[in-house]
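A short reminder: the numbers here are calculations on the coordinates, not readings from a lab. Source: prediction; values computed, not measured. Backbone-built Cβ (ideal geometry, glycine too); neighbour counts: all protein chains shown.
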Amino acid sequence: MQLRIAERSDVLMPTDAESRSRVIAWMFAALNTIEPHVQNLTTADLFYANEDWAKARRAGLVDMVQKRLATLEMLMKNRDYLEGNRFTVADILMTTVLRFMRHCDLLAQYPALDAYRKCNEARPAFRRALDAQMADFETTAAA
């Protein structure tokens, strides 16, 4: 869905082929390189924290996340956004993935990534979209 929306907006998706290719690659990186490891850790911590298997596996899960975040941290040290100085749909996806770790302090070990996440979360459009999404959950929970 994000790609479809971005393709209709040159604000979220560059029109030149080279930049567009990099943004799409970053989208895949967020969803296929970072998210699976973050999601595995988050699931173990939030849903299975008291299970013996989760306790035994947690160190390995943290290690996998740290490896991915360390690489991303190096890339982000001198950038505001994944595509240099331009906010794109890839930043929306990466920020969403990084938000999964709100339950732990792991991201704080990576100052450039932590600042990146906080900056993107503070964007008014991001706040509005998140508030609208949470309103749906609250309405469903209240029913």
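One table, with the values for the structure above:
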quantity	calculated
Table column - 3J(HN,Hα) (Hz), the range 122-128, Karplus curve with 6.51, -1.76, 1.60, x for Gly and Pro	7, 4, x, 5, 5, 4, 4
Partner lysines for K77 [C-alpha distance under 27 Å; skip if fewer than 8 residues away on the same chain]	K67, K118
For the chain, calculated [θ]222 nm from helices alone, where every DSSP H run of n ≥ 4 adds -39500 (n - 2.57)	-22000 deg cm²/dmol
Amide proton proximity set for Y81, modelled H, under 5 Å, gap of 5+	R86
Rough spin-label spacing in nm, given labels placed 7 Å along Cα→Cβ, for F47 and A132	2.7 nm
Per-pair calculated FRET efficiency, R0 = 41 Å: I5 and H103 via Cβ, rounded to 0.05	0.90
(1) 9.8; (2) 10.6; (3) 9.1, with the label sought being that of the calculated mean projected area of the Cα convex hull in nm²	(1)
Most mobile listed residue (L130, L113, L75) in the chain, GNM with C-alpha springs under 10 Å	L130
3J(HN,Hα) from dihedral phi, the range 59-65, Karplus parametrisation 6.51/-1.76/1.60, rounded to Hz, x for glycine, proline	4, x, 5, 4, 4, 5, 5
Derived scalar couplings ³J(HN,Hα) [the range 73-89; Karplus, 6.51 cos²θ - 1.76 cosθ + 1.60; whole Hz; x for Gly, Pro]	4, 4, 5, 8, 4, 10, 10, 8, 9, 4, 9, x, 9, 10, 6, 9, 4
F28/A115 FRET efficiency (R0 25 Å; Cβ-Cβ; nearest 0.05)	0.60
Sequence-distant aspartates and glutamates (8 or more away, or on other chains) whose Cα lies within less than 13 Å of K55	D45
